[in-house]
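The values are calculated or read from the model by the stated rules, or taken from the named source; none is laboratory data. These figures come from a predicted structure and were not determined experimentally. FYI the Cβ positions are ideal-geometry reconstructions off the backbone, even for glycines, and counts take in every protein chain you see. Surface accessibility is based on the protein's heavy atoms, side chains included, excluding ligands, DNA and RNA. Shrake-Rupley method; radii C 1.70, N 1.55, O 1.52, S 1.80 Å.
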Amino acid sequence: MRKKDTNPLHLSHFISWCHDIERAAMLPLKDGDKPVVRKLLSSGCCARCVLRFCCISVQAAYRKPPQETLEELRAFIGNTENGKSQQSASDSHDAAGSEPPGEPPMKRAKLEPVEPGAAVGGDASAVVKVEEEESSVCVACLGILQELSGPTQAVKIAERVKEGEYEFDTLVLSVSLPAQLCVREHSCWLHVKKELREKSAALAKDDVIPVKEAFKWIMQGLVAKELGGVAVVIRSLFEVSVEFTHPETEADCHFLASTCASCFKPTKNKQSVFTRMAVVKALEKISDAVFLKHYAFPPPRPSSSCVPQDVKCLHTSIFIAGRYNKFCRSLPQTPWVIDGERRMESSVEELIAAPVLLSFRAAGFNFSSSGREDVDVRTLGNGRPFAMELLNPHRSKLSREEMKHLQETINKSSDKIRVRDLQIVSREAMGRMKEGEEAKTKSYTALVWTQKAIQSQDIAFIDGIKDLTLDQKTPLRVLHRRPLAVRQRVVHRMITRYLDPHHFHLELKTQAGTYIKEFVHGDFGRTKPNMSVLLKMDTDILELDVESVDVDWPPSIPE
Amino acid sequence: MDGVEQRDTEATAPSVIDRYYTRWFRADMKGKPCEDHCILQHSNRLCVITLAETHPILQDGRAIKNINYQISNCCSRLNNKVSGKSKRGGQFLTDFAPLCRITCTDETEYTIYSCIRGRLLEVNESILETPTLLLEKPSTEGYIAVILPKFEESKRITENLLSREEFETVVSKRIVAQSQPS
């Protein structure tokens, strides 16, 4: 035992006095808690779980080595004001170790730790019991608050994070616990409640500290330290997920399916119906009496601790936007695969995505754009706005120069496409792009073929047509995957450029969603009016280019 | 725009049908001589039912008096309504389901048939207003109906149909038979 410096003016005395105060303040246990502590310790709960059921919300209490906490608890229940310490030691329900004889009661109220292996008087059987309980897995937390939380685990978690080489400022630690923990918790709570009711005290389930919260109190600081002092917060772009399973006790939940069948509907994907949510819901509904009939207290002791699954790291998605040109007439926008076989080499999205995924070290992407063009249609002018969601990027910040460099890399990689205005945007910005799809106008140039021979004056009248309304039935070429409907679309204006007796160029400015090809060839007369009708002869479209997509997003980046 | 390949003659540019559809045929539908149908199968498996050029309606300068999509007391193809992407509600047709009945001014009557199994998506209402479309443009604006075969059956429907070469062989045999005095 530490020799106390009795000179109050010495710093060391002051510090040990602070420690005493701290210790006393760390465990604000009241006399009324004693039966609870006794009951839980003898039922197989670990020290930290006992603290939880005593509603101890002092985070530091959970960070002490569990052995220390256990001994403090034993000391606490062993101590009575009337000095009946010997009596409590012989009490067979008492799991506390005995105190060194001759110690005055007041000192023990300060909860000084009893060193393991120190002279313990009293029952030999009590000592044996102590050893058993020290090595056994907690019936409430299944080991999660025992050896599964502590510096060793923090090091393991930190190692996984470092392996991923993620870029992050803060992180959030999330933990997933096996569903059966709720059942065990419920059981312990009911019995603690019963114990307290006899003393006319109340214990709401919400007052009990959840396992998850205690785990985080222990681990957040430790993980932060291992990662060089990074802030571990409640919400962050970077999530480190820890998961525990316990196959041995999975059956603990099963009785709930018979008492509350409505909570457990079988799912399509054959995963267990005993999800955490379903179990929690069933426990809310079940009456205390029915629960106690099906689930014994104390819960059965497990033979092993929970199994920690691989730590998973996830960075929230990053969004990239830009505009693309397509100069090739045999390039689809998305990969063209039929029956598992690729029908066309590459695609716009793959050509753009490849360098982007490398730069951001992302796992995957979702590509979307403000409208789409066919395989055989070029996109000229300023290009078509697009946005990409990058999934789980290991890098999340690129400077302006790095973005410029990335854009150049994309442009150098292929002459089939070109990208401009490449930039990082927010998730909300994706909505701006989609609004362009319906609302804005687009400009095209088509190469038209005529069956009969024409002269330039035969097509001159077309230039005078303004705001021509079309009734377009869903084109046959997309009717297999779109609903059958008639859509009204406006062709705002047209300009013709005569080429030869059977060909002319047609420039059009149209409402978004107008099918240009069908306007030219008529689609079996299902687009009315159409160029054939206007010229009173068969017409067909040989080539089409998109000249502009009139959406003023994303903001342009000067080159 | 880049250079155009076929600028010269009228007929060299492949038409919309040539580019995206395969022509299939059924000859002598239901045993009736020369009542040939042409089924235009799109690469997306949709089929457009049209009259083949050899069909009697298109011969001998006939004019159309009436086109009736009411094929029985309780069934009119005009009542066909499909909704949604999966085209629910469309009347399901088998090979010999009648699509419409056409009466010509010379009182000859013809029934046009589905020719394939599938869901009826639409019938051409333009020919009700303008029957001459059927005579002048039987392969395009004068189409009869659009049918969507079941996804699983889409490859098999052509088993009962003649390819263009096979059909042309059938037609040339007819011409030979006609030219031989009986």
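Listing for the model above:
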read-out	value
Cα-projected label distance for A:VAL155 with A:ASP310, points at 7 Å along beta-carbon direction, nm	2.3
Computed [θ] at 222 nm, deg cm²/dmol, the protein assembly as shown (DSSP H ≥ 4; -39,500 (n - 2.57); rounded to nearest 500)	-9000 deg cm²/dmol
Stokes-Einstein translational diffusion, the range A:229-279 - Kirkwood Rh over all Cα pairs, 1.306 mPa s, 10 °C, in µm²/s	114
Whole-number accessible area per residue in Å² for the range A:457-549, which is evaluated in the context of all protein chains at 1.4 Å	37
Solvent-accessible surface (1.4 angstrom probe) belonging to B:TRP24, in square angstrom, nearest 10	50
Cα-projected label distance for A:GLU213 with A:VAL490, points at 7 Å along beta-carbon direction, nm	6.0
In Hz, Karplus ³J(HN,Hα) per residue of the range A:163-178 (6.51, -1.76, 1.60; θ = phi - 60°; x = Gly, Pro)	4, x, 6, 7, 9, 7, 9, 9, 9, 10, 9, 10, 10, 10, 10, x
Qualifying lysines (Cα of each under 16 Å from Cα of A:LYS293; at least 8 residues distant if same chain)	A:LYS194, A:LYS285
Cα-Cα over 21 Å, subset of B:LYS65/B:LYS173; A:LYS452/B:LYS137; A:LYS412/A:LYS440	B:LYS65/B:LYS173; A:LYS412/A:LYS440
Heavy-atom SASA rank of B:LEU120, A:LEU227, A:LEU499 (probe 1.4 Å, accessible area, largest first)	A:LEU499, A:LEU227, B:LEU120
Sites B:SER163 and A:THR409, calculated FRET efficiency, Cβ-Cβ separation with R0 51 Å, nearest 0.05	0.55
Carbon/sulfur fraction of accessible area - the protein assembly as shown, other protein chains in place, 1.4 Å, %	53
B:LYS150/A:ILE424 FRET efficiency (R0 60 Å; Cβ-Cβ; nearest 0.05)	0.80
Positions from the range A:511-527 whose accessible area shrinks by 40 Å² or more when the full protein complex is built, not the chain alone, probe 1.4 Å	A:PHE524
Summed buried accessible surface, chains B and A, 1.4 Å probe, nearest 100 Å²	2800
Spin-label model distance (nm) - A:ASP374 vs B:THR130, 7 Å beyond Cα toward Cβ	2.3
C-alpha center-to-center spacing [the range A:347-391, the range A:281-338] in angstrom	28
About the Cα centre, charge dipole magnitude for the protein assembly as shown (Lys/Arg +1, Asp/Glu -1 at Cβ), debye	1360
In Å², nearest 10: area of A:ARG432 left accessible to a 1.4 Å probe	100
Out-of-range pairs (alpha-carbon distance over 21 Å; input A:LYS156/A:LYS212; A:LYS528/B:LYS87; A:LYS216/A:LYS312)	A:LYS528/B:LYS87
Residues in the range A:471-488 that, when all protein chains are in place, have 20 Å² or more less accessible area than the chain alone would give (probe 1.4 Å)	A:LYS473, A:LEU476, A:ARG477, A:LEU479, A:HIS480, A:ARG481, A:PRO483, A:LEU484
Cα convex hull of the protein assembly as shown - mean projected area over all directions, nm²	49.5
Accessible surface, per residue, of the range B:49-99 when the full set of protein chains is kept, probe 1.4 Å, Å²	53
FRET efficiency estimate (nearest 0.05) - Cβ-Cβ, A:LEU358 to B:THR22, R0 41 angstrom	0.45
